[in-house]
1. Mean separation of Cα pairs under 8 Å and 6+ residues apart, divided by the residue count of chain B: what relative contact order is that in percent?
2. With a/c under 1.5 counting as rounded, go ahead and sort the protein assembly as shown into rounded, prolate or oblate using the C-alpha gyration tensor (a ≥ b ≥ c being the square roots of the eigenvalues; past the cut-off, prolate if a/b is larger than b/c, else oblate).
3. For every other residue with a beta carbon closer than 13 angstrom to the beta carbon of A:H178, add +1 if it is Lys or Arg and -1 if Asp or Glu, then tell me the sum.
4. Counting other Cβ atoms within 10 Å, keep those with at most 13, restrict to DSSP loop, and tell me which trypsin sites (Lys or Arg not before Pro) in region B:44-114 are left.
5. In nm, to one decimal, how far is the modelled label at B:N120 from the one at B:L209, with both set 7 Å along Cα→Cβ?
6. Taking a point 7 Å out from Cα toward Cβ as the label site, list the nm distances between A:Q211 and the same residue in every other copy, smallest first.
7. For chain B, with all protein chains present and a 1.4 Å probe, just round the carbon and sulfur fraction of the accessible area to a whole percent.
8. Have a look at B:S185, B:L95, B:V198 and report the one farthest towards the positive end of the charge dipole of region B:74-224, computed about the Cα centre with Cβ charges (Lys/Arg +1, Asp/Glu -1).
2 protein chains.
Amino acid sequence: MEKTVTPAKTGTPPRADRKAQSWTQDPEGVRRSILDAARLEFVEHGLSGARVDEIAAKTATSKRMIYYYFGDKEGLYRAVIEEMYDRIRRFERGLDLGALPPDEAMAKLAGFTFDYHADNPDFVRMVMIENIHHARHLATSTKIATLNLSIIDVIREIYRRGVAEGLFRPGIEALDIHLTISALSFYNVSNRASIRQVFGHDMGAPDILPQRRQTAIDTVMRMLRA
Amino acid sequence: MEKTVTPAKTGTPPRADRKAQSWTQDPEGVRRSILDAARLEFVEHGLSGARVDEIAAKTATSKRMIYYYFGDKEGLYRAVIEEMYDRIRRFERGLDLGALPPDEAMAKLAGFTFDYHADNPDFVRMVMIENIHHARHLATSTKIATLNLSIIDVIREIYRRGVAEGLFRPGIEALDIHLTISALSFYNVSNRASIRQVFGHDMGAPDILPQRRQTAIDTVMRMLRA
DNA sequence: GATAAATTGTACCAACTGGTTCATTTGGTC
DNA sequence: GACCAAATGAACCAGTTGGTACAATTTATC
């Protein structure tokens, strides 16, 4: 962000000597830089609390480019949301649990999900913020509507095998399993601050987290066991 | 909100004929009215998204009185938060589970907690909002620090009895039990919008809620059973 | 009747904020 | 060398927003 030449101060920019600086053309890089800065700001302050000027300041580029690429504040917010959902979807797709016995597969899925949430508090906070806004942007996003649900299929298949092998009790909905895993993974992260405030325990602390993780996995397995 | 006399339009208010209206002095009523309006607005738009003028409009009184009683926007927000925590604490204290056998007591507690969250989405949303702000206002509130924890004692006692009677397995922390119950109660409400958007199911719908409720209770009981 | 607290209204302000305008240059590609 | 997209930068603006100033009146209390 260093300028070699002092910029003119008139409203109309100078003709010559504007900038001797050179720069590489890199649209993706600029978008990246803006998205990263925006994520930081939105995650920290929410949609209404985030300041465009603040995002611009965190960027390697300028406020000008934010509007150039994302149209307006909400467009930028939507882009951040979409990217985060893209990421967790890729994560879920990357799970390869088909080769494992059902109980191991389910325990592993629960563990992975727990870890993903614990490792990505930014994602958790964005989901919270989006829910505060009644998932309005999720609804208008064209990208998100088509995708998800894959995780439900994964769970359904593991569960089916588990029931067939007599390991799991029958009659449970795949969505119910997913919601239980999610709830137990999400809550510690989303409500970490209030839990610490009210009960004096920091669920994100490295000496407490593993215990909570084990409890979550055990709880899911016990929920399913025949 | 009817005025019998048209107010003067000068900056300096009129001397006479200001208002023939009479009103009863009712500080508590005015505070109530403001707090209710503020709750609606904060719950819907968050701390940064809420507009003081909008709160004033929802009030039976004026913006003037908001600052008169609560100092500033944050003071008002803090008052709303404190009141909500007061309410759930009273609810928790009101539970009388000591007379029931441990398993019944625990199931009833889980059910009550689930219902409280389902019936009070405003509370859930305020807790979300406060967590987005890292529970900063919970921390600075003098009222909240001293109180809670009673629910942990209730759980600890039920659990102790359950273990003594051989109904529950030993070695579980009371806080872990509470967090599990809370997570399973909170998540459906807090993430209702995104769940509906992504999976197409409205967890608050009257034909789905009871099933989710039962799953939550079952899950807690299975977590504990010896 | 005096005193203090509760209440009323509204115009107003300074700071902030999302978003735009203007004019221009540079890099890559064919 | 031409051409277009990428990139630059800072001033500026109109609308919003939390909060206040000012001046007065009414109600309850003793």
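1. 18
2. Because a/c hits 1.5 or more and a/b fails to exceed b/c, the protein assembly as shown counts as oblate.
3. -3
4. Counting only loop positions with at most 13 other Cβ atoms within 10 Å, the trypsin sites (Lys or Arg not before Pro) in region B:44-114 are B:R51.
5. A separation of 1.5 nm, rounded to one decimal place.
6. Nearest to farthest, the other copies are at 3.6 nm.
7. Answer for chain B: carbon and sulfur cover 52 percent of the accessible area.
8. Of the listed residues, the answer is B:V198.
The values are calculated or read from the model by the stated rules, or taken from the named source; none is laboratory data. If you're wondering where the values come from, they're calculated on a predicted model, not measured in any experiment. Every residue, glycine among them, receives a Cβ derived from its backbone with ideal geometry; neighbour counts consider all protein chains shown. Surface accessibility is based on the protein's heavy atoms, side chains included, excluding ligands, DNA and RNA. Shrake-Rupley method; radii C 1.70, N 1.55, O 1.52, S 1.80 Å.
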